[in-house]
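One structure below.
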Amino acid sequence: MPADPHGAVVLACRDLRYAYLDRFPALAGVSLDVLAGERLALLGANGCGKSTLLKVLDGLVFPTSGTVHAFGEPLTESSLEDERTSAAFRSRVGFVFQNADTQVFSPTVREEVAFGCLQLGLSREQTAARTEDVLALLEIADLADRTPYQLSGGQKKKVAIASVLVMNPQVLLFDEPTAALDPRSSAWLRDLMTTLGAAGKTLVLATHDLEHLTDLADRAVVLGEDHTVLAEAAPDVVLGDRDLLLEANLVAGPVR
Ligand SMILES: Nc1ncnc2c1ncn2[C@@H]1O[C@H](COP(=O)(O)OP(=O)(O)OP(=O)(O)O)[C@@H](O)[C@H]1O
Ligand SMILES: [Mg+2]
C-alpha cells in the first residue's frame, strides 16, 4: 500500500553523523524521514551504514551530531533514560537484527518470544496467548521448547522475528530479514512483510535484494559508500538508474 503522501512522519533524522570508536565512519550527514504506513527500503553496499542507521532509528546507537525524532519527540540517550518514554518507544518500534545471534538469549524459544510482552507489562495469560499465536504464525511451534542458541541460522532468525512481532509494534525495522533464510522461508517472509504493510505497519528494511524491491518497498533510500544519501526515489526509478546502482555498488561493474 503506498504511503499517504501527507502521512505523519514517524521517524525523522537530520544530518546524522556517527563514527565507531571516533575512527570508522558509518554515517556522514544522513537525513531521512520515515512516514506512517510506508515501506521504506535502505539500499547500499556492505559497510555503507544501513545497520548503523537502523540502530540509530531504534535508539541503540546515538549519533555524534544531528537529530532524531520519533513520533514527534526527540530520541536521545537521556530521553530514553525515562522509563515511561523508553517503554512507550519500545512498544511502538521493533527491530529484527541482521545477526540473530545477538538477539536470542533465553533458555527456550517460548521464553524468548514471551520476553518482550512480559517487559511491556502484559499479563501471563495475554503473553502466553500471543506467544502461541506468533509461534504458530511463524511455523516454529515445534521449536518452542528448544534452546535458541542451538538452532540453525534460519531458525534463529525466525525466533528473532517472532520475538518482535509478538509485541505488535507499529514500526518494524528489518535488517536484511531474508538473509540466512532458505527460498521457501524467504518467500514466506516477503509475504508476511507485504501483509504487515497492508495492515498499516510502517516498515524500514535494509536489503541488498534488488530482485524483490518493487514488491517490498514503496520508496527506497540509497546510501553511498561515502555514508551519505545518494538518492531517494520510488523503487522502479532506482532500479532503472544504472549509473546510480553502479555508483552505490549495488550492481557489479566491469571487472577491472
Ligand atoms: N562495532 C563496530 N566497530 C567498528 N566499526 C564498525 C562497527 N560496526 C560497524 N562498523 C563500521 O561502520 C561502517 C558501517 O557499518 P554498517 O554495519 O552500518 O554497514 P551496513 O551498510 O549495514 O553493511 P552490510 O551490508 O555489510 O550489513 C562500516 O565501515 C563498518 O566497518
Ligand atoms: Mg548491515
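The values are calculated or read from the model by the stated rules, or taken from the named source; none is laboratory data. What you see is a predicted model, and the numbers here were worked out from it, not measured in a lab. A quick note on method: Cβ atoms are made from the backbone with ideal geometry, for glycine too, and the neighbour counts reach across all protein chains shown. Heads up: the accessible areas ignore ligands, DNA and RNA and are worked out on the full protein's heavy atoms, side chains in. Shrake-Rupley method; radii C 1.70, N 1.55, O 1.52, S 1.80 Å.
Here Gln170 clears all of (1) modelled with pLDDT of 95 or more; (2) crowded, with 19+ Cβ neighbours inside 10 Å; (3) more than 16 Å from ligand 1 (Cβ to nearest atom) except the condition numbered (2). Ser186 meets each of the listed conditions (1) open to solvent by less than 60 Å² (accessible area, probe 1.4 Å); (2) assigned to a loop (DSSP other than H, G, I, E, B) apart from (2). Among the residues of the stretch 92-126, those identified as in contact (Cβ under 8 Å) with a residue 60 or more places away in the chain and open to solvent by less than 80 Å² (accessible area, probe 1.4 Å) are Val93, Gly94, Phe95, Val96, Phe97, Ala100, Gln103.
Among residues of the stretch 200-211 that are farther than 14 Å from Val164 by Cβ and open to solvent by 30 Å² or more (accessible area, probe 1.4 Å), those with a beta-carbon under 6 Å from a residue that is more than 12 Å from ligand 1 (Cβ to nearest atom) and in a loop (DSSP other than H, G, I, E, B) at least six positions away or on a different chain give the pairs Gly200/Gly37.
Taking Ser31 as the residue in question, decide whether it is within 23 Å of Asp226 (Cα to Cα), part of a helix (DSSP H, G or I), open to solvent by 20 Å² or more (accessible area, probe 1.4 Å) and at pLDDT 95 or above. So Ser31 does not fit the description; no. The residue pairs whose first member lies in the stretch 157-168 and is closer than 10 Å to Gly116 by Cα, whose second member is small (Gly, Ala, Ser) and surrounded by fewer than 23 Cβ atoms within 10 Å (Cβ to Cβ), and whose beta carbons are closer than 8 Å, counting only pairs six or more residues apart or on different chains, are Val164/Gly94; Leu165/Gly94; Met167/Ser91; Met167/Gly94.
Regarding the stretch 232-245, can at least one residue be identified that is small (Gly, Ala, Ser) and part of a strand (DSSP E or B)? Among the residues of the stretch 232-245, at least one is small (Gly, Ala, Ser) and part of a strand (DSSP E or B), which makes the answer yes.
Rundown of residues vs (1) modelled with pLDDT under 95; (2) in a loop (DSSP other than H, G, I, E, B), yes/no style:
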residue: Pro5; (1), (2): yes, yes
residue: Arg17; (1), (2): no, no
residue: Gly47; (1), (2): no, yes
residue: Leu60; (1), (2): no, yes
residue: Arg84; (1), (2): yes, no
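For the stretch 188-205, the criterion of a residue being within 16 Å of ligand 2 (Cβ to nearest atom) and either modelled with pLDDT of 95 or more or closer than 18 Å to Gly47 by Cα (or both) is satisfied by at least one position. With respect to the conditions (1) at pLDDT below 95; (2) open to solvent by 10 Å² or more (accessible area, probe 1.4 Å), Ala160 lacks only one, and its number is (2).
The residue of the stretch 18-56 that is farthest from ligand 2 (Cβ to nearest atom), among those that are of a type in the set (Val, Ile, Thr) and under 13 Å from the mean Cα position of the chain (by Cα), is Val34.
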